[in-house]
1. What single numbered condition from (1) more than 16 Å from ligand 1 (Cβ to nearest atom); (2) in contact (Cβ under 8 Å) with a residue 40 or more places away in the chain fails to hold for PRO213?
2. Being of a type in the set (Gly, Ala, Ser) and either open to solvent by less than 40 Å² (accessible area, probe 1.4 Å) or touching a Gly at 6+ places or on another chain (Cβ under 9 Å) (or both) is the requirement here; does ALA230 meet it?
3. Please tell me if GLU248 is charged (D, E, K, R) and either at pLDDT 95 or above or open to solvent by 80 Å² or more (accessible area, probe 1.4 Å) (or both).
4. Any chance you could count how many residues in the stretch 412-422 are surrounded by fewer than 23 Cβ atoms within 10 Å (Cβ to Cβ), outside any strand (DSSP E or B) and more than 16 Å from ligand 2 (Cβ to nearest atom)?
5. Considering only the stretch 423-437, state which residues are in contact (Cβ under 8 Å) with a residue 12 or more places away in the chain, open to solvent by less than 60 Å² (accessible area, probe 1.4 Å) and either on the phi > 0 side of the Ramachandran plot or in contact with a Leu (Cβ under 9 Å, 6 or more places away or on another chain) (or both).
6. For the stretch 108-129, enumerate the residues that are assigned to a loop (DSSP other than H, G, I, E, B) and away from ligand 1 (no atom under 16 Å from the Cβ).
7. Would you confirm, using the coordinates I've provided, whether ASN136 is touching a residue at least 40 places away in the same chain (Cβ under 8 Å), away from ligand 1 (no atom under 16 Å from the Cβ), in a strand (DSSP E or B) and surrounded by fewer than 21 Cβ atoms within 10 Å (Cβ to Cβ)?
8. For residues that are open to solvent by 40 Å² or more (accessible area, probe 1.4 Å) and among the charged types (D, E, K, R), scanning just the stretch 457-483, find the one that is farthest from SER548 (Cα to Cα).
Amino acid sequence: MRYSQTFIPTVKEVPAEAEIISHQLMIRAGLIRKLASGTYIYLPAGQRILLKVIGIVREEMNRTGAQECTVPVVQPMELWQKTGRDADYGETLGKFRDRHGRMNVLSPTAEEGFTYLVSQEVQSYKQLPLNLYQINTKYRDEFRPRFGVLRSREFIMKDAYSFHANEACLHKTYMDMYNAYKRVFSRCGLEYVIVEAETGEMGGTGSHQFTIPCENGEDVIVYTEDGTRAWNIEKAPVDPLPKQPAVEVPPPALVHTPGVGSIEAVCEFLKIQPQQLIKTLIYKADEEVFAVLVRGDHEVNAEKVNQFFIGRHIELADEQTIQKVTGAAVGFAGPVGLSERVSRMLVDYAVAAMAVGITGANQTDYHLKNVVPGRDFPLEGDNVQVCDVRNAVPGDTCGGKKLLFKHGIEVGQVFKLGTKYSVKLEANFLDEEGIRKPCLMGCYGIGINRIIAAAIELFHDEWGIIWPMSIAPWQVIVTPAAPDADVMEAAETVYRQLLEKGVEVLLDDRDLRAGVKFKDADLLGIPIRVTVGKTSLAEGKTEVKLRSETNKQQVPVSQTAGHVAEMVQQMLEQLNRI
Ligand code: ATP
Ligand code: MG
């Protein structure tokens with residue numbers, strides 16, 4: 001392709017709207033433009049990268065035997081009501097009413113669509129297993145779209161769904177997909193970490209996320225010091241803390257804390273540390289009201305709480321419910337006397353380990369001091385459970401091993417779903433004995449756009465992007481560095497020869513200074529640059545330079561195309577080896 005005929009609007013200035021480097025460079029390199037908050041236009045160079053990533057993902061999916069389909073992005077709301085996911089997604093779910101008054105959903109993922117298909121088409125175990133996938137647009141009305149295509153509202157996902165007659169078969173496909181994901185990310189040149197993730201109703205190790213460790217990642221990866229296990233923070237288990245030595249304290253006493261409800265405000269008002277406080281949160285699981293207690297300096301882990309209410313929709317209780325249950329305004333809930341007023345009380349290990357704490361008094365504008373867990377509120381009983389319901393923090397251990405933390409970008413996830421969707425949508429089959437059973441399912445997602453942003457986060461320098469060969473918009477750029485006819489002619493020849501060898505090459509035939517051309521090539525991140533300059537051409541040579549290195553190699557003009565094509569091949573093969 002000739003640069004003069006492309007539409008690659010590069011930008012010198014760092015765009016003010018872009019907080020992180022991948023977002024900045026995608027705009028500056030002319031890959032994307034914003035259409036509206038969280039939605040982006042892919043320009044031609046960006047589209048080439050998108051197609052490269054899609055190509056790799058498609059090849060690896062097909063290699064596992066998965067078969068490609070396309071399910072509509074616009075789907076009937078009834079399906080989403082049947083699975084209860086209209087409520088689970090809440091405001092994140094995009095929806096609209098059509099001219100016939102029917103509600104539609106803009107697919108944020110497609111379990112419903114694929115399970116519906118199987119419910120209509122599969123009758124017998126003989127038709128299983130099935131592994132179906134699509135590469136299609138997804139829409140999520142994200143609360144906070146940010147970081148460009150890393151968290152956008154509209155994006156492209158590869159989503160696969162597998163259907164099985166038994167657990168062994170599900171496990172086999174799960175592992176096939178797990179291994180295919182390893183190949184996908186390796187081929188894209190990404191260094192990744194596989195972490196155990198929350199599994200919903202399956203329990204065990206039924207879900208893994210593929211994450212790219214990097215500073216700007218929104219996910220927190222927790223791993224043991226010896227590197228033997230890693231989790232998403234949603235899942236990372238923590239050991240119970242040692243019980244603090246008992247202290248003699250008088251019975252709980254009311255402290256007047258007028259209008260002081262938040263942890264920070266209470267700490268400031270009473271001149272105490274957050275870890276001396278016990279936070280009481282009131283939740284609802286459908287209509288059931290329950291309480292969760294964590295230490296003031298800890299965060300409730302919603303996924304861990306979810307494990308106690310599998311299949312139910314959980315959310316923080318509204319103001320009215322809190323007032324009804326605690327008898328106090330929001331901010332003054334406490335555990336004393338609470339277990340009789342809620343269906344269940346989940347007490348975090350760290351709270352149970354406290355010798356004494358300060359809590360809300362279930363009375364507006366009052367807290368209680370001298371509250372002793374086990375003495376002033378129960379740590380056991382029919383509806384009280386001491387358990388792990390908080391996020392791990394530095395200092396925690398798991399199985400005695402110190403936990404360490406780093407940020408990461410989730411680029412893919414594999415998941416054993418069990419029968420959650422097949423039961424609700426009646427995707428059943430008859431087994432060998434003629435017994436009707438719901439299919440066991442797996443689902444497997446990859447964020448295509450996120451791969452692109454993650455690659456830029458990993459591979460860039462002060463001049464721009466440095467693409468891995470496999471996902472570069474062009475593999476080679478040929479840059480004539482002077483307007484002279486012989487320079488242009490040599491560049492044209494090398495360009496044509498590269499095209500003939502099947503190399504994806506861009507010829508920078510623009511009438512611009514060499515410095516400007518080099519800047520654009522570096523910004524765009526094309527892995528190999530061939531420069532045809534006046535001085536080297538006088539010696540019959542071109543200059544070949546890798547984007548990732550500073551040194552240049554002089555190659556005879558006649559051998560340039562062959563040499564460069566070989567380099568491209570080698571770089572691709574290196575990525576293919578995993
Ligand atoms: P997150 O926790 O980051 O919101 P998720 O776990 O909800 O993502 P999945 O439902 O597992 O996402 O979707 C599969 C993949 O789709 C993710 O691994 C991610 O790569 C991609 N993805 C999800 N949400 C977005 C988004 N808003 N923008 C871009 N890619 C996304
Ligand atoms: Mg996920």
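The values are calculated or read from the model by the stated rules, or taken from the named source; none is laboratory data. What you see is a predicted model; the values in this text were computed from it and never measured. So basically every Cβ, Gly included, is an ideal-geometry build from the backbone, and we count neighbours across all protein chains shown. Areas reflect the complete protein model, heavy atoms only, side chains present, ligands, DNA and RNA absent. Shrake-Rupley method; radii C 1.70, N 1.55, O 1.52, S 1.80 Å.
1. (1)
2. Details: of a type in the set (Gly, Ala, Ser): yes; either open to solvent by less than 40 Å² (accessible area, probe 1.4 Å) or touching a Gly at 6+ places or on another chain (Cβ under 9 Å) (or both): yes.
For ALA230, the condition - of a type in the set (Gly, Ala, Ser) and either open to solvent by less than 40 Å² (accessible area, probe 1.4 Å) or touching a Gly at 6+ places or on another chain (Cβ under 9 Å) (or both) - is met.
3. Numbers: charged (D, E, K, R): yes; either at pLDDT 95 or above or open to solvent by 80 Å² or more (accessible area, probe 1.4 Å) (or both): yes.
So GLU248 passes the test.
4. So the count comes out to 1.
5. LEU425, ALA427, PHE429
6. From the stretch 108-129, those assigned to a loop (DSSP other than H, G, I, E, B) are 108-110, 122-123, 128-129; that's our starting set.
Scanning the stretch 108-129 gives VAL122, GLN123, LEU128, PRO129.
7. On the way: touching a residue at least 40 places away in the same chain (Cβ under 8 Å): yes; away from ligand 1 (no atom under 16 Å from the Cβ): no; in a strand (DSSP E or B): yes; surrounded by fewer than 21 Cβ atoms within 10 Å (Cβ to Cβ): yes.
Spelling it out, it is not the case that ASN136 is touching a residue at least 40 places away in the same chain (Cβ under 8 Å), away from ligand 1 (no atom under 16 Å from the Cβ), in a strand (DSSP E or B) and surrounded by fewer than 21 Cβ atoms within 10 Å (Cβ to Cβ).
8. So in the stretch 457-483, the residues open to solvent by 40 Å² or more (accessible area, probe 1.4 Å) come out as 458-463, 483.
Add one more test, that the residue is among the charged types (D, E, K, R), and what stays is 461-462.
Working: ASP461: 9, GLU462: 12 Å.
Residue satisfying both the conditions and the ranking: GLU462.
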